[in-house]
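Q: Sharing a structure with you now.
Rule-based calculations on the coordinates, nothing more; no lab input. Not measured: the values here are computed from a predicted model. Note: ideal-geometry Cβ built from the backbone for every residue, glycine included; neighbour counts use all protein chains shown.
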Amino acid sequence: MPPRHRQASSWLKLVTLPKFSTTPGWRHIYWFPTVFVVSYYFYNLKIVSGRSMQPTLNPDASLWRDVGLFNRYAIHTKLDFNRGDIVALRSPEDPNRILVKRIVALAGDRVKTLPPYPNPEIVVPQGQAWIEGDEPFHSDDSNRFGPVPLSLIESRLVAVVWPPSRFGHQFQPTIVDKDISNPNKHSAYRLAMAELERQRWRTTRVAAAPRSSL
Amino acid sequence: QLVNLACATHLFLEYVGTVSLMSGPSMLPTLASSGEVVVEDKLSLRLNPASLARGDLVVVRSPINPTLIVCKRVIGLPGDVVCVDPTGLKAPSTEHVIVPKGHIWLCGDNMLYSRDSRDYGPVPMALIRSKLVARV
């Protein structure tokens, strides 16, 4: 079991334990502030709906909407943004809506954009990021409304916790098992190669800005 | 428990209102450059987002720097046609923009020395933290 998962489940236990105490009512409400602060600053769960991150999240083959564990600490306190992170951010067009997309490029990078964006290339301005959904044809992302301020980003996806068959925290494929003799493994290889190809397609469209030692 | 009280206090400050110190020359002469203690009101915008009016002083997270918090005046609401820079410093004074859906146009009172929507364009409303209500 990866250590990240253990940390998340122990947090959940810490939160639910006071709620099952003896005296009902007041005891439950008493712990709400702590629960809210933990969920605000550290980790919380969100249900992901929509097709814009297929096939990474909510693939057509799944009956359930994915529930993801999101890390607010990394974004709120550490401000740790990386290219390739799946993040939850407030939509610039509708302040009540939260989008789950991938950071494709950061400030200073030159990005080859997709339609319907008017310019074929853009340099991402300072303090902003270029976000895209993994499914380019059904995604409401930077190709529609341009680069978004980093301040809009709220949390980073750590792992998918539901459904159990899609449990895991690997969203960037690294190792591909090339043993295709076993028919059961064959489709896994092809899916993994497809994921690698998608990742390569995303990264080749971004020319990272030359970074001085910061 | 102390932890719970600290969390409750923090939640009050986060969701209802807070008193904070701010400084900077971009809102002269309304707010002093050397520092002002002001009362921020977060609750009224949460309960009634339509209560944001042109001319309100708002505190927003900076769109160009995720660590900065700035205070500016709302000039344009979504759908308004705004003159980008009447002083002509950063744009010709005939240039106008339409503020897109879900965004607002901010301008500092001290237009000679203010980095605001004239530099970074319309600001998404999700970045608004609170309205300034009073000066202490």
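Q: Classify region B:54-114 as rounded, prolate or oblate, taking a ≥ b ≥ c as the square roots of the eigenvalues of its Cα gyration tensor: rounded when a/c is under 1.5, otherwise prolate if a/b is larger than b/c and oblate if not. Don't jump to the answer; show the numbers that get you there.
A: Values: a/c = 1.75, a/b = 1.24, b/c = 1.42.
Oblate.
Q: Pop a pseudo-label 7 angstrom from the Cα along the beta-carbon direction at both B:A50 and B:T67 and give the gap in nm to one decimal.
A: 4.0 nm
Q: Could you give me the ³J(HN,Hα) list for region B:55-71, computed from phi with Karplus coefficients 6.51, -1.76, 1.60 and θ = phi - 60°, whole Hz, x at Gly and Pro?
A: Here the 3J(HN,Hα) series is x, 6, 8, 10, 9, 10, 7, 5, x, 10, 8, x, 9, 8, 10, 10, 10 Hz.
Q: Let me ask another. Average partner chain C-beta neighbours within 10 Å, per residue of A:85-93? Could you put the intermediate results ahead of the total?
A: Numbers: counts 0, 0, 0, 0, 1, 5, 3, 11, 8.
Mean inter-chain Cβ contacts per residue within 10 Å come to 3.
Q: Please arrange B:C71, B:C83, B:C107 by how many other C-beta atoms lie within 10 Å of their C-beta, fewest to most.
A: In increasing order of surrounding Cβ atoms, one gets B:C83, B:C107, B:C71.
Q: Per DSSP helix of 4 or more residues, -39500 (n - 2.57); summed, then divided by the residues of chain B. What does that give at 222 nm, rounded to the nearest 500?
A: On the way: 3 runs with 23 residues, N = 136.
It comes out at -4500 deg cm²/dmol, rounded to the nearest 500.
Q: Only counting other Cβ atoms within 10 Å, I'd like A:K78, A:K46 sorted with the fewest neighbours first.
A: On the way: A:K78 9, A:K46 16.
Final ranking by Cβ density, sparse to dense: A:K78, A:K46.
Q: Rounded to the nearest whole Å³, what is the per residue volume of the convex hull around the Cα atoms of region A:42-122?
A: Numbers: hull volume 10.0 nm³, N = 81.
Once divided by residue count, the hull of region A:42-122 is 123 Å³.
Q: Here is a follow-up. Give the order of A:F81, A:F70 when sorted by the count of other beta carbons within 10 angstrom, beginning with the fewest.
A: On the way: A:F81 17, A:F70 24.
The fewest-first ordering by Cβ neighbours comes to A:F81, A:F70.
Q: Follow-up question, since we're still on this one. Which residues does a label at A:R198 reach in region A:70-113, if reach means a backbone N under 12 Å from a point 7 Å past the Cα toward the Cβ?
A: A:102
Q: Hey, another quick one. When each pair of different Cα atoms in chain B is counted once in the 1/r mean, what is the Kirkwood radius in angstroms, to one decimal?
A: Evaluated over chain B, this radius sits at 15.7 Å.
Q: In percent, what relative contact order does chain B have, based on Cα pairs under 8 Å that are 6 or more apart in sequence? Intermediate values should be presented prior to the final figure.
A: On the way: 268 pairs, mean separation 36.5, N = 136.
So the answer I get is 27 percent.
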